[in-house]
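Before any comments, here is the structure.
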Amino acid sequence: MKSQYITGKEPHLKRWINVPHTIILVFDVVIIVMAVRVWVKVKQTLPVADDTIRIVSQQWTWTFQHSGNDGILDTADDVWTSDTLHVAEGRTYHFMLESKDVLHSFFVPVFRLKQDAIPGRTITGWFKPTKTGTYDILCAEICGIGHGMMGGRIVIERPEQHAAWVQQHSAVATANAVDSTALPPAGAKN
C-alpha cells in the first residue's frame, strides 16, 4: 500500500484538531472565570470585622498586637503578646500579617488557615473561631535554623473571658504608656 501525502490543510482532517481544540479552550475559559470568582469570594471579599489583630513574624517568634478596650489598633491601650494569640469565640477577626525578616507562613491547623507572610508587605485575611480551647499556631515555611521552634498558641475564650483578659492587659498597657511619658528624656537635667 502506498503512503498518503497529507499537508494538514485538508478540511476533513483539520476538523479532528480544530473541534477538540475549541472545546478545550471553552472549558479553559469557564474554569478560569470560576476560579477568579472563588478567589474573589475567599480572598478579596472580607466579612465585616468585629476586631482586628496585627500578626508580626520574625525569626523565630510570632508577635500579636491586640486592640485594647477601645477596639482600635495602634493606640496606647493595645496589648502585645509573644507566641500567644487571645481571641473570643464567635467573633470575626481581620488580621494584618507582616514579616520583619524572611518568608514565614502563618498556619493555624484548627482553622485550616495558612497564609504566607512576605517581608515588606501587609497581607490581610480573616477568621472566625467557633469553639473554645487552646490550639497550635505554626510556621509552615522553612525560615531558618530555628524554624522548628517557631510555634505559638491561639487561645479561644468565651466572650466574657476574653473581655476580662483584654481589660486586665489593656490596663497594664495603658499604665506602662503613661509611666513612660512621665519619665524625663534621657540626659535631661532636673
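Remarks
- Per residue accessible area in Å² of the chain, where ligands, DNA and RNA are left out and the probe is 1.4 Å: 66
- Cα gyration tensor shape for the chain, rounded if a/c is under 1.5, else prolate or oblate: prolate
- Dipole of the chain [Lys/Arg +1, Asp/Glu -1 at C-beta], most positive-end residue of GLY146, ALA35, GLN115: ALA35
- Here the chain is treated with +1 on each Lys and Arg Cβ and -1 on each Asp and Glu Cβ, and its dipole about the Cα centre works out to around 1300 debye.
- Rounded tilt (10° steps) of 159-182 against the dominant C-alpha axis of the chain: 60
- 222 nm mean residue ellipticity, helices alone, for the chain (DSSP H n ≥ 4; -39,500 (n - 2.57); rounded to 500): -10000 deg cm²/dmol
- What separates the Cα centres of segment 117-147 and segment 9-40 is a distance of 39 Å.
- An oblate overall shape is assigned to segment 61-138, the ratio a/c of its alpha-carbon gyration tensor axes (a ≥ b ≥ c) being 1.5 or greater and a/b not exceeding b/c.
The values are calculated or read from the model by the stated rules, or taken from the named source; none is laboratory data. Every value quoted in this text rests on a predicted model; they were computed, and no experiment measured them. No Cβ is skipped: glycine too gets one built from the backbone with ideal geometry, and neighbour counts run over all protein chains shown. Just so you know, the surface numbers come from the protein's heavy atoms only, side chains and all, with ligands and any DNA or RNA stripped out. Shrake-Rupley method; radii C 1.70, N 1.55, O 1.52, S 1.80 Å.
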